[in-house]
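These notes are about the structure you will find just below.
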Amino acid sequence: MRKPRDFDTELKALEDKARELKTRKVQQLGDLVIATGADALTAEELAGALLVLAETKDPGRREAWARRGAAFFQGRARRSAAASDGDTVSPPAQPGGTQSPSGSTGAA
C-alpha cells in the first residue's frame with residue numbers, strides 16, 4: 001500500500017521555499033543597487049529611472065542597456081578574480097564611461 005501524501009506539509013514547504021526565494025531576490029536587488037552606486041540616488045530618482053526602463057519598448061535601446069549591464073557584471077567578475085589573487089590592487093572601473101548615475105541620457 002502507498003503512503004498517503006501530506007498535502008498540508010508539502011504546501012507549507014512550497015510556501016517556505018517561495019518566501020525564501022522572494023527574500024533572496026530582494027537581497028540581490030539591494031546588492032545590485034549598492035554595487036552600481038545607485039544607492040546615492042533618492043528613492044524617487046531610482047523609481048523614476050526604473051519606470052522609464054520598464055516603459056521603454058525600443059529594442060535597440062534595451063539591447064544597449066543589456067550590453068552595458070553585461071559589461072558591468074563581467075568587470076565585477078574580473079575584479080573579483082584579481083582581488084582573490086591578492087597581488088593586484090586597483091580602483092573599480094566605472095562602467096559605461098564618465099556618465100554620472102543621475103545623468104539624463106537614455107531617458108527619452
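Among the residues of segment 50-67, is there at least one that is at pLDDT 95 or above, outside any helix (DSSP H, G or I) and touching a Ser or Thr at 6+ places or on another chain (Cβ under 7 Å)?
No: zero hits.
Taking residue 46 as the residue in question, decide whether it is in contact with a helix residue (DSSP H, G or I) (Cβ under 8 Å, 6 or more places away or on another chain), part of a helix (DSSP H, G or I) and surrounded by 11 or more Cβ atoms within 10 Å (Cβ to Cβ).
On the way: in contact with a helix residue (DSSP H, G or I) (Cβ under 8 Å, 6 or more places away or on another chain): yes; part of a helix (DSSP H, G or I): yes; surrounded by 11 or more Cβ atoms within 10 Å (Cβ to Cβ): yes.
So residue 46 fits the description; yes.
Go over the candidates 35, 40, 13 one by one and state the one that is touching a Pro at 6+ places or on another chain (Cβ under 7 Å) and surrounded by 11 or more Cβ atoms within 10 Å (Cβ to Cβ). Walk me through how you get there before you give the answer.
Details: 35 fails: touching a Pro at 6+ places or on another chain (Cβ under 7 Å); 13 fails: touching a Pro at 6+ places or on another chain (Cβ under 7 Å).
After applying the criteria, what remains is 40.
Being surrounded by 10 or more Cβ atoms within 10 Å (Cβ to Cβ), over 14 Å from the mean Cα position of the chain (by Cα) and without any contact (Cβ under 8 Å) to a residue 40 or more places away in the chain narrows it down to one residue among 2, 24, 19, 61; which is it?
Details: 2 fails: surrounded by 10 or more Cβ atoms within 10 Å (Cβ to Cβ); 24 fails: over 14 Å from the mean Cα position of the chain (by Cα); 61 fails: without any contact (Cβ under 8 Å) to a residue 40 or more places away in the chain.
Criteria check complete, one pass: 19.
The values are calculated or read from the model by the stated rules, or taken from the named source; none is laboratory data. Treat the numbers as computed from the prediction; the structure is a model and nothing was measured. No Cβ is skipped: glycine too gets one built from the backbone with ideal geometry, and neighbour counts run over all protein chains shown.
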